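Notes for the one structure printed next.
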Amino acid sequence: RRVISWKRFLIVFGILLATAAAVGALPLVQNRRHATSLRDRAEKLAAEKDAEKQDEAIKLYDQYLKYQPKDDSAFRKFAELNFQRAKDDPKQSYATVENVEKFLRQFPENPTERKKLIDLCLDLGRLESARQHIRILFDKGEQYRQDVDLLDKAATCEVGLGGDMLQAVKFLDEAILTKKAPPRLVARLLGILNDLKAFNDQRFTPSKYVEI
């Protein structure tokens, strides 16, 4: 009767285990190589000024980011290319909104890109989206709650959406109280108060602003 050698068995088992691990790792290696290739091609095309090559760079970055969604610098370049494309070709603005929102969902701590997105949403009349992004910035701290431009745009969203007019007045009031607001915001607030005939909140009366 043949007796199985445990030493030989362990050697064979180790070989089989290593082979299985190598086979299992092969798709990962292939995916990594493919992702690297996509990024290299995207970076090369992004450096070109040709619109078609820029479009192709955006597509390649989009594919690459499916493999490497945590690549901050690539995602930022992807957003930058989208903003530039929307500027050059306004028809691409809707796609830009979707793509930049993907970037901000993955990397929310990017106020510069979020502000650009707010402007684009306002240009497209997507006031609800703009309002949501403004609220995200307001929730991040006082520096944004005192940002005159953001407060002005927040009021624009409320007025445009037929929302809370008292809130629109508050946003403009807060902007004016920073003492950095341009005269047009005072005129705008007075115009809103004049339109709100039944508005009698004593915190916001025309006399409060006429001498500002």
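Only the coordinates and a few stated rules stand behind these numbers; no lab work does. Here the structure is a predicted model, which is why all the values come from computation and not from measurement. Cβ placement follows ideal geometry from the backbone for every residue including glycine, while neighbour counts extend to all protein chains displayed.
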Self-check item: Inter-label distance, nm, simple model (7 Å from Cα along the C-beta direction), Glu109/Lys87
Solution: 2.7 nm
Exercise. Would you list, by chain and number, the lysines whose Cα falls below 17 Å from the Cα of Lys59, excluding same-chain residues fewer than 8 positions away?
Key: Lys44, Lys49, Lys77, Lys91, Lys102
Quiz item: To the nearest 0.05, how large is the calculated FRET efficiency for Glu52 and Gln132 if R₀ is 30 Å and r is the Cβ-Cβ distance?
Solution: 0.35
Exercise. Specify whether the C-alpha gyration tensor of region 80-166 places it in the rounded, prolate or oblate class, a ≥ b ≥ c being the square roots of the eigenvalues: rounded for a/c under 1.5, otherwise prolate if a/b is larger than b/c and oblate if not.
Key: oblate
Self-check item: Relative contact order (%) - region 36-120, alpha-carbon pairs under 8 angstrom, separation at least six
Solution: 21 percent
Quiz prompt | Pairwise FRET efficiency - Lys70 versus Thr205, Cβ, R0 = 45 Å, nearest 0.05 | solution = 0.30
